[in-house]
Structures are given as structure tokens and as C-alpha cells.
1. Filter the stretch 34-64 down to the residues that are of a type in the set (G, A, S) and surrounded by 15 or more Cβ atoms within 10 Å (Cβ to Cβ), then identify the one that is farthest from K13 (Cα to Cα).
2. Of the conditions (1) at pLDDT 90 or above; (2) open to solvent by less than 60 Å² (accessible area, probe 1.4 Å); (3) of a type in the set (G, A, S), S2 fails just one. Which one is it?
3. Could you count how many residues in the stretch 21-32 are surrounded by 14 or more Cβ atoms within 10 Å (Cβ to Cβ) and part of a helix (DSSP H, G or I)?
4. Where in the stretch 48-108 are there helices (runs of 4 or more DSSP H), lying fully within it, with 2 or more residues that are in contact with a Leu (Cβ under 7 Å, 6 or more places away or on another chain) and of a type outside the set (G, A, S)?
5. Inside the stretch 65-108, can you point out the residues that are of a type in the set (S, T, N, Q), open to solvent by less than 100 Å² (accessible area, probe 1.4 Å) and farther than 21 Å from D29 by Cα?
Amino acid sequence: MSGSDEDESITKKDVVQRLEKFRGHSESDKHWVHRREFILRNKKEYKGKVLRDRLLSLSMVWANNVFLGCRYNAEVLDKVKEMAQGIEVEDAPVFVTRDDIMKRKQNK
């Protein structure tokens, strides 16, 4: 490994450690790993405190939608899905809404 590779990996490790302060107190390892990836993928577009706070909020929207099934308006969901493109979550829960159940019953 060259010196520049070591410097790059140390920098990445340092960034990951700095992000720990944004982890929710009760956030599971699984949720945090994916939300941290979301933040890292999008951090270049969100610099400064106000934009950083926006990115953290969007990361929570994305995680809440994926892991808890929370629903948001279409514009916000489209935005976070675009930002999260390529993040693969294994064993993500599948949520069925009351509306989905009622549609299935009507189609029978």
C-alpha cells in the first residue's frame, strides 16, 4: 500500500468517526451503517451548517421510510430515493398499508 493510499484510508476512517456524533442514541448498527452511507454519498452537495442539517434530516427521512415504513410527500420521497440510489439494504422490511390490503380485497 502506498503512502497516498494510507492517507486516503485514514481520512475516510476519520470522516466515519466524525459522523458518529450524528448517530441516533437508539439507532441500531444496521440502520446507522446505511444512513451513514447515505450521508457520505451526499456530503459534497451539503456543506455548511444549514445544508448539513438538511442532509441529516433527509438521511432520517430516508432511513425512516426504508426501515420503519414512514410515509412522506412524493416530492420528498423522490428526492431521498434519488440521493440513496445504489445503497443496497439487505433484509429491508416490506410494509403493506391498509390501502394495499383494501385494493387486494376489492380485486378478488
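The values are calculated or read from the model by the stated rules, or taken from the named source; none is laboratory data. Only a predicted model underlies this, so the values are computations on that prediction, with no experimental measurement involved. All Cβ positions, even for glycine, are placed from backbone atoms using ideal geometry, and neighbour counts span all protein chains on display. These area figures cover heavy atoms from the full protein model, side chains too; ligands, DNA and RNA do not enter into them. Shrake-Rupley method; radii C 1.70, N 1.55, O 1.52, S 1.80 Å.
1. A63
2. Here S2 meets the rest and fails (1).
3. The total comes to 3.
4. Values: elements: 49-63, 74-83, 98-107.
By residue number, 74-83.
5. Across the stretch 65-108, the qualifying residues are N73, T97.
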